[in-house]
Every structure is written in C-alpha cells, then in structure tokens.
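Read through the structure below, which is laid out as structure tokens, and then see the notes.
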Amino acid sequence: MSKVVETRSMLLQVLILFFFFSAFVKNGNAGITSTFIRSEWPSNDIPLDNEVFEVPKGHNAPQQVHITQGDYNGKAVIISWVTPDEPGTSKVQYGVSKNYDFTAEGTVRNYTFYNYTSGYIHQCLVDGLEYDTKYYYKIDSGDSYREFWFQTPPKINPDIPYKFGIIGDLGQTYNSLSTLEHYMQSGAQAVLFVGDLAYADRYMYNDVGIRWDTWGRFVERSAAYQPWMWSAGNHEIEYMPDMGEVIPFKSYLNRYPTPHLASKSSSPLWYAIRRASAHIIVLSSYSPFVKYTPQWEWLRKELKRVDRKKTPWLIVLMHVPIYNSNEAHFMEGESMRAVFEEWFVHYKVDVIFAGHVHAYERSYRISNIHYNVSGGDCYPVADKSAPVYITVGDGGNQEGLAERFRDPQPDYSAFREASYGHSTLEIKNKTHALYHWNRNDDGKKVSTDAFVLHNQHWLYLHRGSNLRRRKLKKHHLRRRVVDWASSF
C-alpha cells in the first residue's frame with residue numbers, strides 16, 4: 001500500500017512541476033541571440049557519384065519514392081515514384097502484410113525542361129485505409145520491384161498525441177544529409193516541409209532536371225516511409241526565360257502532388273489537411289493572395305471549416321516568414337502579413353512555420369493588426385491570441401547560412417541562431433505540445449531551443465474571452481528548465 005501512496009505522490013509532484021515549469025517555458029529562451037559560432041561545413045552539393053544518390057539496382061527499377069497525405073482526414077496516401085527507362089506499370093500492391101491483398105492503379109507522366117526529359121513519373125492514390133495501421137506496399141516496374149511500408153495516423157481526436165518534424169530549405173549538401181539523418185532519429189511521424197526542396201534552379205540547362213532526380217533519391221530514405229507534406233518556395237519557381245522556361249513551378253508540380261482537391265482548393269500550391277489532432281493549412285507565398293484572389297477566397301473559407309473540438313491544434317505553413325529579424329529577406333513577408341495576420345489572430349492559430357531565411361528564429365506571441373496607413377500602433381505588441389512564429393529555413397542547402405541578424409534584437413524575437421537543424425512538434429494532448437529545435441553542431445544533434453506550446457483555443461476557453469495585451473518582457477531561462485521539458 002505504501003508503494004501505491006508513494007507512486008501517487010511522485011505523480012502529483014510531476015504534475016505540479018509540469019504546470020509550474022510550463023508557465024516559464026512557454027516563452028522558451030526568451031530574448032536571446034545565440035553566440036554559438038558554427039565551424040561551417042562546405043555548402044557545396046554532394047557529388048553526383050556519392051552513395052546517397054545511388055540508383056536502385058535492376059532494369060527500370062522504381063526510384064525517388066515518396067508519399068504524402070492523400071485526403072483531408074488521413075485515410076489515404078499519394079505514392080509517387082519514377083521509372084527512368086520506360087513507363088512500366090503504375091500499379092501499387094498494398095496490404096497489412098506482405099501478401100499485398102489490394103491493388104491501386106495510378107497515372108504516369110513526364111515533362112521536359114530545356115533539353116532534359118524526365119523519367120516516367122507515377123502517382124497513385126491509395127485510399128480507404130484504416131487509421132493507425134501499418135501498411136506494406138510494393139511498386140513493380142515490370143522488370144524490377146521494390147517494397148516499402150508506412151503507418152497511417154490515428155483517428156482524428158482532440159487528445160491524440162502525434163509528433164511532427166519540421167524541415168525547410170533542405171537542398172542536397174553534406175549539411176542537408178546531417179539534417180536528414182538527425183531528423184530520422186527523432187521519432188517524428190510525418191514531415192511538415194516549408195519549401196525550397198532540391199535547389200535545382202542553382203544549376204543550368206539539363207543539370208536542373210538531374211538535380212531534381214538526385215534529390216528525390218536523397219530523401220527517399222525517409223519520404224518513402226512516412227508522409228512529407230509539401231509547400232513551395234522560391235527555388236521551386238524556376239522562371240528561366242534564357243533557357244525558354246517560363247512556366248512557374250513546372251518541375252515541382254510534376255513531381256510533388258498534394259491533396260488540394262480534398263480541401264476544395266483550386267491549386268496544389270495551397271491546401272489543408274487534418275491529421276491526428278491537428279488542422280494544417282499550407283499557403284503559397286509566391287501565388288496571388290490579396291483580397292478576392294483564389295488563395296484569399298479559399299483561406300477565408302478554410303479557416304471557417306476548422307473545428308477545434310476535433311482538431312484543437314491549428315498550424316500554418318508558408319515559405320516566407322512574416323516576422324524575421326535577419327538581414328536576409330527582411331520584410332519580404334510584410335505583404336502577406338498585412339493581408340492575413342488579422343485572420344491568424346482572430347482564429348487563434350497556434351504556430352506558423354516558415355523557411356526562406358537560412359537560420360533559426362522563434363518569436364513571442366505578437367501581432368501588428370492595429371496599424372494602417374492612417375494611424376494606430378506601428379509596431380508589434382504582445383498578443384495572447386496571436387501565433388508563435390518560427391523560422392526553420394536551416395535545412396542545409398548550398399547557399400549557406402544567413403549569419404547577419406539585425407541589431408538590436410527586436411522585442412518580439414525570443415530566440416535566434418544562424419545554424420543548420422530541424423524542429424519537432426510533439427503534440428501531447430489538446431492543451432499542450434512540446435517543441436524542440438535541434439542544431440546540427442558539425443554533424444551532431446544538439447537540442448538547443450525547447451518550450452511548451454499552449455493550445456490557443458483551449459487556453460482561451462479556460463481563461464475566458466477577456467484577453468488583454470501585455471507589454472513584451474524578456475526572461476532568461478535556466479538551461480535545466482528546458483532540459484526538464486525536453487525529457488517530458
């Protein structure tokens with residue numbers, strides 16, 4: 001009996017510690033510009049003959065395999081792959097065992113870019129899946145086949161735990177490889193990708209297409225086994241009139257499908273999904289978004305569809321950060337902020353992830369919705385209804401790090417560092433999630449920024465509607481608090 005009492009006492013102490021520390025950790029390493037100086041690895045792309053780009057053995061063997069969510073609610077996947085020599089078949093065999101009891105039929109296409117002609121790109125929707133189930137799948141080109149597996153998410157429920165990885169601006173350098181390998185050790189179940197995939201547009205002529213192929217083989221080690229949710233960045237535009245290529249996003253749209261029709265979007269570049277306890281909205285920074293445009297109209301309707309009783313976590317992905325205190329790309333997100341920020345605050349978005357800037361930065365909950373050209377406050381203020389803004393454009397691409405932050409550090413900026421890395425968001429229940437940013441310290445995974453994210457909707461219900469704005473304050477946390485949160 002004494003053991004039971006002791007166990008209950010320990011549990012009570014843990015709960016008290018959790019709520020005590022979470023009150024502090026919610027602002028993370030507040031107001032810090034990291035002094036860490038990276039001994040930077042070369043930012044050159046990995047050579048084409050490196051084993052990370054190895055072509056699968058066998059004639060016309062399927063390659064560049066990747067999956068993404070295929071519907072609105074997580075009961076479908078889109079499986080994509082390339083056969084290099086001939087079309088072969090677009091069928092996927094799948095099942096809960098390697099007996100492969102089911103078959104789905106896909107489509108095949110290819111495209112040209114300058115004088116490059118792509119391999120045969122297959123895309124197959126596998127739907128009607130059961131939640132929280134491991135599926136095996138087999139892709140057969142006619143001469144060769146390859147086998148993979150994936151796990152479907154749990155049924156949509158407000159208290160379902162789920163762990164997302166967040167990666168941006170990845171590229172295909174040795175730094176990129178470090179990021180990818182560290183992410184694969186994180187235990188995350190799906191990737192939220194915030195744009196700039198292969199950086200193939202850094203090349204010319206046929207090398208553009210070749211570098212799309214190498215990147216597809218590069219990320220296959222993860223993307224064939226768990227869904228990567230895509231968003232497009234500026235390096236996907238590939239507007240190259242000198243080469244006769246003037247159709248934006250040509251390579252990206254041919255290679256990386258999204259389930260946009262399931263969320264009633266008119267474009268694959270913006271869409272929404274629901275997964276576990278999260279509602280995820282993907283926006284396009286490089287498509288029209290001002291009033292009355294298709295993206296504006298779609299987002300206005302999609303935000304009204306969000307049901308926080310079923311999916312309490314509301315997450316937005318975009319490429320260009322709205323709040324950014326780095327000299328690189330400073331103020332580029334201002335136009336989208338002016339259009340959408342009021343909606344983000346009104347609907348109490350929990351967190352907004354962006355890339356573009358090749359560094360890491362996290363904000364407080366702040367907004368600048370009271371300013372217009374006629375008057376009002378012209379600077380961000382603390383706002384409990386606003387999202388946390390996080391920039392994770394630090395995947396490792398060949399352009400290198402954005403090392404110049406503006407000085408002094410703005411009051412709205414909680415933590416910033418010019419290093420490569422990736423993030424994870426581990427949803428615990430409908431009220432709390434654990435966030436980590438993991439630095440790639442010269443090839444070693446180092447947890448650097450961590451905090452407890454409080455769900456906006458449930459916090460609002462708990463506190464009532466009288467949420468007053470408060471003055472921004474800086475609080476320097478002790479490392480042991482973050483370490484405790486990291487081990488929760």
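Each value in this text was obtained by applying a stated rule to the coordinates, not by laboratory testing. Since this is a predicted model, take the numbers as computed values, not measurements. Reconstructed Cβ throughout: ideal geometry from the backbone, glycine too, with neighbour counts over all protein chains shown.
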**OP:** Work from the charge dipole of the stretch 344-436 (Cβ charges, +1 for Lys and Arg, -1 for Asp and Glu, about the Cα centre) and give the residue of ALA418, ASN368, PHE405 farthest towards its positive end.
**Re:** ASN368
Original post:
Long-range amide H contacts for HIS432: which residues qualify at under 5 Å (H placed 1.01 Å from N, peptide plane, sequence gap of 5 or more or a different chain)?
Top reply: ASN455
Original post:
When the C-alpha atoms of the stretch 287-441 are aligned to their principal axes, what extent does each axis show, in angstrom, from largest down?
Top reply: 42, 42, 29
**OP:** When a/c is below 1.5 the answer is rounded, else prolate if a/b is larger than b/c, else oblate, so apply that to the stretch 287-339 with a ≥ b ≥ c taken from the square roots of the Cα gyration tensor eigenvalues.
**Re:** oblate
**OP:** For the stretch 327-351 and the stretch 268-314, compute the distance between their C-alpha centroids and round to whole Å.
**Re:** 14 Å
Original post:
If the viscosity is 0.692 mPa s and the temperature 37 °C, what Stokes-Einstein diffusion coefficient in µm²/s follows for the stretch 206-363 when Rh is the Kirkwood radius over Cα pairs?
Top reply: 193 µm²/s
**OP:** Could you list the square roots of 5 times each eigenvalue of the Cα gyration tensor of the stretch 146-240, that is, the equivalent ellipsoid semi-axes, sorted largest first and rounded to whole Å?
**Re:** 27, 14, 12
Original post:
Taking 0.36 nm per intervening residue step and subtracting the Cα-Cα distance, what contour gain separates SER287 from CYS378 on full extension?
Top reply: 30.1 nm
**OP:** Using only C-alpha positions, report the orientation-averaged shadow area of the convex hull of the stretch 82-198, nm², one decimal.
**Re:** 9.7 nm²
**OP:** Tabulate in residue order the Karplus-calculated ³J(HN,Hα) for the stretch 246-257, using 6.51 cos²θ - 1.76 cosθ + 1.60 with θ = phi - 60°, rounded to whole Hz; enter x for Gly and Pro.
**Re:** 10, 8, x, 6, 4, 5, 4, 5, 6, 9, 10, x
**OP:** Quick one: go through the stretch 62-101 and flag any residue whose amide nitrogen is under 15 Å from the point 7 Å out along the Cα-to-Cβ line of TRP149.
**Re:** 94-101
**OP:** Take the Cα of HIS59, step 7 Å along the line toward its Cβ, and report every residue of the stretch 138-154 whose backbone nitrogen sits under 15 Å from that point.
**Re:** 141-145
Subject >> Additional length obtainable on full extension of the chain from HIS370 to ARG221, 0.36 nm per residue less Cα span >> reply: 49.0 nm
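With respect to the cross-link table entries LYS155/LYS430; LYS163/LYS384; LYS57/LYS138, which display a Cα-Cα separation exceeding 19 Å?
Pairs exceeding the cut-off: LYS163/LYS384.
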Original post:
Among SER287, GLN189, GLY233, which residue has its Cα positioned farthest towards the positive end of the charge dipole of the stretch 179-321, with +1 placed on the Cβ of Lys and Arg, -1 on the Cβ of Asp and Glu, and the dipole taken about the Cα centre?
Top reply: GLN189
Subject >> Reduced Cα scattering model of the chain, Debye log10 I(q)/I(0), q = 0.10, 0.13 Å⁻¹ >> reply: -0.75, -1.27
**OP:** Just check the stretch 220-271 against the gyration tensor rule for me: Cα atoms, a ≥ b ≥ c as the square roots of the eigenvalues, rounded for a/c under 1.5, and otherwise prolate or oblate depending on whether a/b exceeds b/c.
**Re:** oblate
Original post:
Can you list the HN-Hα couplings for the stretch 364-381, worked out from phi with the Karplus curve (6.51, -1.76, 1.60; θ = phi - 60°), rounded to whole Hz and with x for Gly and Pro?
Top reply: 6, 6, 9, 8, 9, 9, 9, 9, 9, 5, 9, x, x, 4, 9, 9, x, 10
Original post:
Which far-off residues, 5 or more places away or on another chain, put their amide H under 5 Å from the one on GLN189, with H placed in the peptide plane?
Top reply: LYS163, PHE164, GLY165
**OP:** Can you find, among ILE79, ALA450, PRO248, the residue farthest towards the positive end of the dipole of the chain? Put +1 on the C-beta of Lys and Arg, -1 on that of Asp and Glu.
**Re:** ALA450
Original post:
Simple spin-label model, 7 Å along Cα-to-Cβ: MET184 to THR112 in nm?
Top reply: 3.6 nm
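Over all directions, what mean area does the Cα convex hull of the stretch 251-311 project, stated in square nanometres?
Convex hull of Cα atoms, orientation-averaged projection: 4.5 nm².
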**OP:** Rounding to the nearest 20 debye, state how big the charge dipole of the chain is about its Cα centre with +1 on each Lys and Arg Cβ and -1 on each Asp and Glu Cβ.
**Re:** 2780 debye
Subject >> Net lengthening on full extension, LEU261/ASP49 (0.36 nm per residue, minus Cα-Cα) >> reply: 72.4 nm
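Calculate for the chain the 222 nm mean residue ellipticity that helices alone would give, adding -39,500 (n - 2.57) per DSSP H run of length 4 or more and normalising by residue count, nearest 500 deg cm²/dmol.
It comes out at -6500 deg cm²/dmol, rounded to the nearest 500.
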